[in-house]
Amino acid sequence: MKKLIVCGVFLIGCISFITVTSNDDPVPIPRSQQRFGNADSGYQYIISGDYVKSGLPLNLYQFIFKKEKNNLLDRAGDNSQVRYDFNVVKAVNGESVVVPNCFQCHAQFFDGKLIIGLGNSTGDFTREQKLKPFQKMLLSYLKLKPKKYEAAKDFLTVSLDIGDELFTDIVGANPADRLTALLVSHRDPVTLEWNRKPSVILPEQVIPSDVPAWWLLKKKNAMFYNGFGRGDFGRFLMGSSLLTTKDTVHAKEVDTHMPDVLSYLYTIEAPKYPKGIDEQLAGEGKTIFENNCSRCHGTYGANGQYPNLLIPESIIGTDSLLNKSNYQYSDLIDWYNKSWFSKGDHPATLAPFNGYIAPPLDGVWITAPYFHNGSVPTIEAVLNSKLRPRYWARDFVQGTSSGDSSKYDYEKLGWQYQSLPAPGNKYVYNTMLPGYGNYGHSFGDHLTDAERKAVIEYLKTL
């Protein structure tokens, strides 16, 4: 709970605003020009930069958490004493504050090792956290120390204004799209200044998503599950700064670092499958894959090609609530496409689509759970819809620093899970909830068990 007091309202911004189109054929996404810089500088900015400018005063953070003993990122100074998913930066008034960084969502442990770029599927953003009373207590405490209060005010004010609207139904589900929509609804599109009252009233429902792997981005011509983030990727990558930015002056400063950040993200490669692979079976699986799956997901190897196709809802058939939720409201679309983010010589825009992009499958063996909402626990069940559990639970410790890979199924490709007869607590994935459905993408159902096994063996090689 302590961690969520600090970062419970912060997730890396994934700006998602969708409207409905009517197209029953896959739609290719054109390439757009990107800005690139220095990858090493981009990494350093992620692990030490001040893209978030307000947070908890350093001494208060250390009182709550104590000093971090494991300097996993080999950082220097104050940053060596906080968790890998926080940065220590200077607030506008010069006070040292601890702020969440990108690794809150874009890093996870596997087999005791921190995998940078692997989407975090272990976060707890459920309503049981009850953050608001503690946030108010912190504000009261900080007001006794004016300089520290000033350094923390923006972060805590935003968390008080939107924190109650971010809760998911289950552990592991990520509300990043909802967070960005809430931040947008409170900010002026031209000045980016914060307003305590939203200009857009959003529906109450929080639609979940599963955090995609960073190493896939280099192949994509558009961002996000529905491929509607077009133009300059850097403008979308800096979405997290909306948490505490005061105005466009800070936004412009953050924007100057985005070419470096994108360059770093493009250097990240998918982890190699660590176990033995049946090469003959994998070869058979490659043939089956290329005959059945490659049109959407691409081919791999030295001459691999990724088609960048948007697949309409009528074809993919997966849970469509992410498409049809908050983001189909035209005022949110208009906000972004008329905002500071859409201006200048490297603008970004939103191109709505009713469907999802067929993602690249590099490193797919390690990215469980599957589908855009994390509703399917294994690749085996992705390829055979009859195996998908309605209610299922897994051990969330296995994705933390104290977990290991002994509960990972290296043959079915995914976390070991328990299928349950009925919904349970927040640790049980309930596919009957709106937005949490596990249906659709039944393209593997016509394959034989032997063919599916061969495809899985091939996927281990990607």
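Rule-based calculations on the coordinates, nothing more; no lab input. Note that the coordinates shown come from a computational prediction; the quantities given were computed from them, not determined experimentally. With ideal geometry, Cβ positions are generated from the backbone for all residues, glycine too; neighbour counts draw on all protein chains shown.
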Pairs K218/K460; K90/K145; K275/K453; K53/K145; K153/K343; K143/K246: which are spaced more than 22 Å apart, C-alpha to C-alpha? K153/K343
Residue among G227, P274, T299 farthest towards the positive dipole end of region 226-349, charges placed on Cβ: G227
Shape verdict for region 283-344, please, from the Cα gyration tensor: rounded (a/c under 1.5), prolate (a/b greater than b/c) or oblate. oblate
Hey, can you grab everything whose amide H is under 5 Å from the amide H of Y273? Only 5+ residues off in sequence or another chain; H modelled, so Pro and N-termini drop out. none
For region 192-336: relative contact order, % (alpha-carbon pairs under 8 angstrom, 6 or more apart): 28
Out of residues 5 or more away from N226 or on other chains, whose amide H comes under 5 Å of its own, with H placed 1.01 Å from N in the peptide plane? I357
Skipping prolines and chain starts, which residues have an amide H placed within reach, meaning under 5 Å, of the one on W415, given they are 5 or more residues away or on another chain? D409
3J(HN,Hα) from dihedral phi, region 355-360, Karplus parametrisation 6.51/-1.76/1.60, rounded to Hz, x for glycine, proline: x, 9, 6, 7, x, x
Work out which helices of the chain, taken as complete DSSP H runs, extend at least 18 Å along their axis over the Cα atoms and score a mean Kyte-Doolittle of -0.5 or more, then list them. 146-162
Take E253 and E290, extend 7 Å from each Cα along the Cα→Cβ direction, and tell me the distance between the two endpoints in nm. 5.2
Full-extension gain between N38 and S80, please, as 0.36 nm times their residue separation minus the C-alpha to C-alpha distance. 12.8 nm
Normalised by the residues of region 353-451, what does the relative contact order come to in percent, with Cα pairs under 8 Å and at least six apart? 32
Equivalent ellipsoid dimensions for region 162-302 as semi-axes, Å, which come from the Cα gyration tensor, largest first: 37, 20, 13
Return the ratio Rg/(2.2 N^0.38 Å) for region 306-446, where Rg is computed over Cα atoms only. 1.24
Under a plain spin-label model, where a point goes 7 Å from the Cα along Cα-to-Cβ, how far apart in nm are I201 and Q62? 4.7
Whole-Hz Karplus ³J(HN,Hα) for region 24-32, in order, using 6.51 cos²θ - 1.76 cosθ + 1.60 and θ = phi - 60°, x for Gly and Pro? 9, 10, x, 10, x, 9, x, 6, 10
Table column - 3J(HN,Hα) (Hz), region 76-87, Karplus curve with 6.51, -1.76, 1.60, x for Gly and Pro: 10, x, 4, 5, 6, 10, 10, 4, 4, 9, 10, 10
Relative packing of peptides 79-89, 35-45, 445-455 - highest average C-beta neighbours within 10 Å first: 79-89, 35-45, 445-455
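With the Cα gyration tensor of region 134-181 giving a ≥ b ≥ c as the square roots of its eigenvalues, does the rule (a/c under 1.5 for rounded; else a/b larger than b/c for prolate; else oblate) give rounded, prolate or oblate?
Judged from the Cα gyration tensor, region 134-181 comes out prolate (a/c at least 1.5, a/b above b/c).
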What is the ratio of the Cα radius of gyration of region 61-168 to 2.2 N^0.38 Å, with N the residue count, to two decimals? 1.17
By the mean-Cβ-within-10 Å protection proxy, highest first, 304-313, 376-385, 143-152 rank as 376-385, 304-313, 143-152
